[in-house]
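The values are calculated or read from the model by the stated rules, or taken from the named source; none is laboratory data. Keep in mind that this is a model prediction, so the values were computed, not measured. Counting neighbours? That spans all protein chains shown, and the Cβs are built from the backbone with ideal geometry, glycine included. When the accessible area is computed, the model is the full protein with side chains, heavy atoms only, and any ligands, DNA or RNA have been set aside. Shrake-Rupley method; radii C 1.70, N 1.55, O 1.52, S 1.80 Å.
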Amino acid sequence: MLSSSTQSTTFKLDQNEPLRERISFESLPSEIILHILSFQSSTDLVKLALTCQRIAPIVQETLFQHPFITSIHSLSHFLVSLEQGRHRPLAPLPPGSDDPSRSLAANVRSLRIQSRVWGSKGWGFSIGRILALCTRLKSLTLEAIPDLRVKHLEGTGTLTTLSLAATTFRAHSHPSPPPLATTFSKLRHLTMNNLGIPPNSTHFSSLLRAASATLDFLHVSFLRDVEVNDFVLGFSHLQNLTQLRVGSLTPDQDAALHHAIRNLSSLVRVEFAGPTLTEEVLHALPNTVREVTLEQLHWDPEDEKNKNAVEELVAAILSGAGDGWVTLAMWRDLNSNERVSNAVRRRKAESGASPSMTLLNDKQVNITF
């Protein structure tokens with residue numbers, strides 16, 4: 001017969017044995033240090049980088065993940081840093097791992113560039129070089145850039161979010177080159193606010209066409225130089241768009257807006273944040289729309305002409321909605337349960353449908369058909 005027994009062993013610490021060497025912050029693995037540094041502010045990181053040669057490259061890696069550049073001098077210095085560190089690994093890697101792509105440029109995930117000096121030049125070329133180097137860039141925000149060309153937006157196809165605000169494309173800049181379609185092949189969110197482009201150009205429609213395959217969210221506002229034909233043409237490419245936010249537009253663009261959105265067959269959510277909005281536009285909403293937000297319409301509640309404006313707009317939204325439901329979200333000063341109820345009753349009388357209204361909160365009402 002086989003038998004088994006359990007033996008226990010007791011270890012006793014030798015009181016005369018010297019204490020083990022204390023573990024310092026610098027001796028921690030780079031991955032742990034990076035995680036700790038991710039909770040620190042940029043100011044603290046810069047100070048920390050000056051304390052230790054071991055920590056400095058790791059801090060640099062953290063700082064380069066989400067840079068914010070506000071001067072042409074800083075932009076040039078940033079570009080030089082990327083080019084010099086193009087093939088140089090950052091913090092030491094764990095034994096057995098080799099990742100040559102861990103360079104400063106490959107570490108950049110989001111980039112915001114803002115010109116704070118009106119009319120300064122030299123931004124566009126540097127931006128183009130930076131996008132070519134940053135092979136893992138996901139988000140790009142350009143603000144008040146005065147000399148951009150479409151070719152400066154050519155990248156490696158990793159962008160998912162692009163925001164162009166108060167930015168002007170240079171006169172005589174060429175239309176979008178074919179590589180732009182590759183650059184925007186993963187773009188999902190696009191904002192164009194206060195966009196300046198050369199006369200008679202097709203930049204607006206070209207940008208939307210290049211991003212049409214994957215674009216999910218579009219915000220357009222203050223398209224001061226976009227001509228009507230190019231405006232409508234740009235929207236015609238957006239068959240996969242599900243979310244649209246519209247701000248202030250030119251009178252001609254306002255007049256053509258119902259043509260622009262009529263064929264957005266995948267649209268689910270739309271927000272109107274401009275001072276002008278017509279029933280014609282709301283009637284043109286596709287029946288796939290399920291949420292409509294009205295903001296900052298600047299109506300005078302004492303004006304007899306606009307007394308029933310909310311009711312009319314709600315009625316227009318409901319008349320364009322298909323079977324299912326639509327959620328209305330309105331600014332506090334526009335919200336009126338009585339007027340919404342009147343619009344629902346009108347919809348019931350006109351179509352024979354039986355919509356029901358549920359108040360979600362002080363700004364939203366859900367209407368089910």
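The set of residues in segment 151-171 being surrounded by fewer than 22 Cβ atoms within 10 Å (Cβ to Cβ) and out of contact with any Gly (no Cβ under 9 Å at 6 or more places or on another chain) consists of Thr156, Gly157, Thr158, Thr160, Thr161, Ser163, Ala165, Ala171.
Filtering segment 107-126 down to residues that are open to solvent by 10 Å² or more (accessible area, probe 1.4 Å) and closer than 23 Å to Ile58 by Cα, which residue is modelled with the lowest pLDDT? Among them, the one singled out is Asn107.
Yes or no, residue by residue, for (1) open to solvent by 30 Å² or more (accessible area, probe 1.4 Å); (2) under 17 Å from the mean Cα position of the chain (by Cα); (3) under 30 Å from Gly128 (Cα atoms); (4) free of Cβ contacts under 8 Å to residues at least 12 places away in the same chain:
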site: Met192; (1), (2), (3), (4): no, yes, yes, no
site: His203; (1), (2), (3), (4): no, no, yes, no
site: Asn229; (1), (2), (3), (4): yes, no, yes, yes
site: Gly234; (1), (2), (3), (4): no, no, yes, no
site: Ile261; (1), (2), (3), (4): no, no, no, no
site: Phe272; (1), (2), (3), (4): no, no, no, no
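Note on segment 127-242: enclosed helices (runs of 4 or more DSSP H) holding 1 or more residues that are closer than 26 Å to Ala256 by Cα, in contact with an Asp or Glu (Cβ under 7 Å, 6 or more places away or on another chain) and modelled with pLDDT of 90 or more are 203-211, 228-235.
Within segment 53-83, track down each residue that is under 16 Å from Ala106 (Cβ atoms) and of a type in the set (A, V, I, L, M).
As a first pass, look at segment 53-83 and keep what is under 16 Å from Ala106 (Cβ atoms): 57-58, 60-67, 78-79, 81-83.
Within segment 53-83, Ile58, Leu63, Leu79, Leu82 meet the criteria.
Of the residues Phe39, Phe68, Phe64, which single one is open to solvent by 60 Å² or more (accessible area, probe 1.4 Å), of a type outside the set (S, T, N, Q) and within 18 Å of Leu82 (Cα to Cα)? Going through Phe39, Phe68, Phe64 in turn, the sole match is Phe68.
So, of the residues in segment 236-256 that are more than 18 Å from Ser163 (Cβ to Cβ) and of a type in the set (Ser, Thr, Tyr), which turns out to be farthest from the chain's Cα centre (by Cα)? Taking the candidates together, the pick is Thr250. Residue count for segment 42-57 satisfying the condition of being open to solvent by less than 70 Å² (accessible area, probe 1.4 Å) and either under 28 Å from the mean Cα position of the chain (by Cα) or among the acidic types (Asp, Glu) (or both): 1.
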